[in-house]
Amino acid sequence: MPSYPPRTEPTKKDDQLNQRAKELQISILRQADSGKIDKLVDKYRLAQLSAIKAKIHFYYEKQFQNKATNTKLEKLERQMEEWKAKPRQDIIDKIKKSKLDR
């Protein structure tokens, strides 16, 4: 039996998303070749989609338990579609504008 309770929120996926963002931002700052940046952009997009899917799963879990949540399913689904269709250059520009957390 574990000595810690299981996670109830999608914190692991958020941590993975932050790690992918840092990797992408560092490679952009170091001016890596475009092939590497494209791969990292795809990994960042997949991490973003995975985090949104985890939030949707958390939403359904709370609905099943009849507990209130402050998230809107429509908003999460809209975010999912936006991230699927977002061009690579928009993602790169977003990462360039964000600050690197150390």
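The values are calculated or read from the model by the stated rules, or taken from the named source; none is laboratory data. Since the structure is predicted, the reported quantities are computational estimates derived from the model, not experimental observations. With ideal geometry, Cβ positions are generated from the backbone for all residues, glycine too; neighbour counts draw on all protein chains shown.
Within the range 7-31, track down each residue that is within 18 Å of K97 (Cβ to Cβ) and of a type outside the set (V, I, T).
From the range 7-31, those within 18 Å of K97 (Cβ to Cβ) are 17-18, 20-31; that's our starting set.
Answer for the range 7-31, where residues must be within 18 Å of K97 (Cβ to Cβ) and of a type outside the set (V, I, T): L17, N18, R20, A21, K22, E23, L24, Q25, S27, L29, R30, Q31.
Could you list all residues from the range 22-41 that are of a type in the set (D, E) and assigned to a helix (DSSP H, G or I)?
Of everything in the range 22-41, those that are of a type in the set (D, E) and assigned to a helix (DSSP H, G or I) turn out to be E23, D38.
Here are Y44, Y59: which of them is surrounded by 13 or more Cβ atoms within 10 Å (Cβ to Cβ), hydroxyl-bearing (S, T, Y), modelled with pLDDT under 90 and part of a helix (DSSP H, G or I)?
Values: Y44 fails: modelled with pLDDT under 90.
Residue meeting the stated conditions: Y59.
Please go through the range 81-95 and pick out each residue that is under 17 Å from A21 (Cα atoms) and either of a type in the set (S, T, N, Q) or assigned to a helix (DSSP H, G or I) (or both).
Residues satisfying the conditions are W83, K84, R88, Q89, D90, I91, I92, D93, K94, I95.
Quick one: is A54 aliphatic (A, V, I, L, M), closer than 15 Å to P10 by Cβ, within 14 Å of the chain's Cα centre (by Cα) and at pLDDT 95 or above?
no
If a residue has to be over 16 Å from the mean Cα position of the chain (by Cα) and of a type in the set (D, E) to count, how many in the range 57-92 make the cut?
2
Please state which one of E9, E23 is acidic (D, E) and touching a Leu at 6+ places or on another chain (Cβ under 7 Å). Steps first, answer last, please.
Details: E9 fails: touching a Leu at 6+ places or on another chain (Cβ under 7 Å).
Criteria check complete, one pass: E23.
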